[in-house]
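The values are calculated or read from the model by the stated rules, or taken from the named source; none is laboratory data. These numbers come from a predicted model, not from an experiment. Cβ placement follows ideal geometry from the backbone for every residue including glycine, while neighbour counts extend to all protein chains displayed.
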Amino acid sequence: MYVGSDRRRCCGLIRRFGKVRLLVVGDLMLDQFIWGRVDRISPEAPVPVVQVTHESVHLGGAANVVHNILSLGGHATACGIVGRDRAGRQILAELKRTGAGTAGVTTSRAAVTVRKTRIIAHSQQVVRFDHEGSDYDESAAPAILRFLQRHAWRFDAVVLSDYGKGVITKGLLDALRALRAKYPFRLILDPKKRNFAHYSGITLGTPNLLEASEASGVDIHDDASFHLAGQRLLAKWDAEAILITRGEHGMTLCARNAAPRHFRTAARQVFDVTGAGDTVVATCALALGAGATLEEAALLANHAAGVVVGKVGTATVSAQELRRAIMNAER
C-alpha cells in the first residue's frame, strides 16, 4: 500500500495542515451523550434499564467538521445558525474553547438548535432522540449569504456540511457558484438528499454509498456500477472528483477521465461510526488545502476515518494519531 516516499509525503502533508484556513458552512448541532450500564430489564416493559454514570456534550454536524479540522491542526471558521437556547450557547462556547472562528455564526430567536441525545451502555448505542424545530428560520439566511460573499474567497477551501436541516439551500449554492466564478476557491461537499439537484461546481464530493446510489440513480454493486455512478455524479455536480465512502469496505475515488480507485478500510476495530463522514470531509479539505493530490487526500481521509470509528461517540482524530496510522499501515 505504501513505499517509504509515500509515508514521508503523507506525513509532510499533515505537518502543513497548520497553515490551512478553512470555512465550514452548514448545520451546526450539539451531540449529547448519556453514558451508563445495563444490569437488568425493566419490569414495566421489555426494555433495558440504563444506570447513568455520566453525561457529555460534543460538537455535532457541521460543528464536528470544525472540531475535526482543529484537532488535525488546521484553522477553521464556522458559518451557520444556532438558536438563542441552551444548546446554541453550548455550541458557541465549545467552538470558542476549541479555537474556532465564530464570526460566521448567526444567532436567531426563531431557530431551535438541533440537539441529538444518545444513550450509550457498554460501548453500544441503546437509543437516540432528537430535538429540532419543524421549520428553518429563513430570516437568518441573508446574514449567512453576506458573510460568504465577503469572506469565502479568503479561505484555502470552503466545506459544505449539509445535514439537510436548512442552512444549505439552492440560493446559497447559487451564490457560491457565482462567487467561485470570480474567485476559484476549492469547494468540498458532504451532501444530503434534499439538495442533490442543486449541487454544482464542486472540487470534491464525499457521499456515502446510499447517497451516491440515490443521487446518481445507479444500483451500486460492483466496479462497473461504481464507475457509472461516479461518472454520473461528476457530470451532475460538475465536480472534479467524487469520493464514495463505503463503511467497512473503505472508499472509492472517482475522478474525471480515470478509472475508480479503491481504498480498503484502514479501521482495525469499529465501535461507532458517528461523525465518521465529518472526519472524512475535514481531512480531505485540509489535505487539498495543504497541496495534496485527490488520491493523497482520499488516502489520508481513509486512515483518519479508520482511527475515529475505533472510538465511541462523536470523536475526532489528532494529527499525531493520523501520522501514527500512516506509519503503522501495511506496506
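If you check R128, R115, R109, which single one turns out to be buried (at least 18 other Cβ atoms within 10 Å of the Cβ) and of a type in the set (K, R)?
Residue meeting the stated conditions: R115.
Look at region 240-256 and say how many of its residues are touching a helix residue (DSSP H, G or I) at 6+ places or on another chain (Cβ under 9 Å), within 18 Å of A301 (Cα to Cα), at pLDDT below 95 and of a type in the set (D, E, K, R).
1
Can you tell me which residue among R37, R89, R84, R21 is surrounded by fewer than 17 Cβ atoms within 10 Å (Cβ to Cβ), more than 29 Å from N328 (Cβ to Cβ) and in contact with an Asp or Glu (Cβ under 7 Å, 6 or more places away or on another chain)?
Step by step, each of R37, R89, R84, R21 is checked, and only R21 is surrounded by fewer than 17 Cβ atoms within 10 Å (Cβ to Cβ), more than 29 Å from N328 (Cβ to Cβ) and in contact with an Asp or Glu (Cβ under 7 Å, 6 or more places away or on another chain).
Looking for whichever is of a type in the set (S, T, Y), surrounded by 12 or more Cβ atoms within 10 Å (Cβ to Cβ), out of contact with any Lys or Arg (no Cβ under 7 Å at 6 or more places or on another chain) and more than 14 Å from G60 (Cβ to Cβ) here; the options are S123, S139. Which one fits?
S139
Can you tell me which residue within region 257-289, out of those that are part of a loop (DSSP other than H, G, I, E, B) and surrounded by 22 or more Cβ atoms within 10 Å (Cβ to Cβ), is modelled with the lowest pLDDT? Break it down stepwise before answering.
Our first condition is that a residue be part of a loop (DSSP other than H, G, I, E, B); within region 257-289, this holds for 257-260, 264-275.
Restricting the remaining residues to those that are surrounded by 22 or more Cβ atoms within 10 Å (Cβ to Cβ) gives 266, 274-275.
Numbers: A266: 67, T274: 60, G275: 64.
Across region 257-289, the extreme among qualifying residues is T274.
Assuming P43 fulfils every condition listed in (1) part of a loop (DSSP other than H, G, I, E, B); (2) modelled with pLDDT of 95 or more apart from one, which condition is it?
Only one criterion in (1) part of a loop (DSSP other than H, G, I, E, B); (2) modelled with pLDDT of 95 or more is unmet by P43, namely (2).
V105 passes all but one of (1) part of a helix (DSSP H, G or I); (2) within 29 Å of G18 (Cβ to Cβ); (3) in contact (Cβ under 8 Å) with a residue 24 or more places away in the chain; which number fails?
Status for V105: all satisfied but (1).
Considering each residue of region 1-18, count those that are loosely packed, with under 14 Cβ neighbours inside 10 Å and touching a helix residue (DSSP H, G or I) at 6+ places or on another chain (Cβ under 9 Å), and give that number. Break it down into steps so the answer makes sense when it comes.
Initial filter on region 1-18 (loosely packed, with under 14 Cβ neighbours inside 10 Å): 1, 3-5, 8, 12, 15, 18.
Now narrow it down to the ones that are touching a helix residue (DSSP H, G or I) at 6+ places or on another chain (Cβ under 9 Å): 1, 15, 18.
So the count comes out to 3.
Could you tell me how many of the residues in region 83-128 are touching a Pro at 6+ places or on another chain (Cβ under 8 Å) and among the polar types (S, T, N, Q)?
Matching residues across region 83-128 total 0.
Can you confirm whether D6 is closer than 27 Å to A305 by Cβ and among the acidic types (D, E)?
When the stated conditions are applied, D6 passes them.
Report, by residue number, each residue of region 64-87 that is in a helix (DSSP H, G or I) and more than 23 Å from A276 (Cα to Cα).
R86
Take V112 and decide whether it is touching a helix residue (DSSP H, G or I) at 6+ places or on another chain (Cβ under 9 Å) and assigned to a loop (DSSP other than H, G, I, E, B).
Numbers: touching a helix residue (DSSP H, G or I) at 6+ places or on another chain (Cβ under 9 Å): yes; assigned to a loop (DSSP other than H, G, I, E, B): yes.
Yes; evaluated as a whole, the condition is true for this residue.
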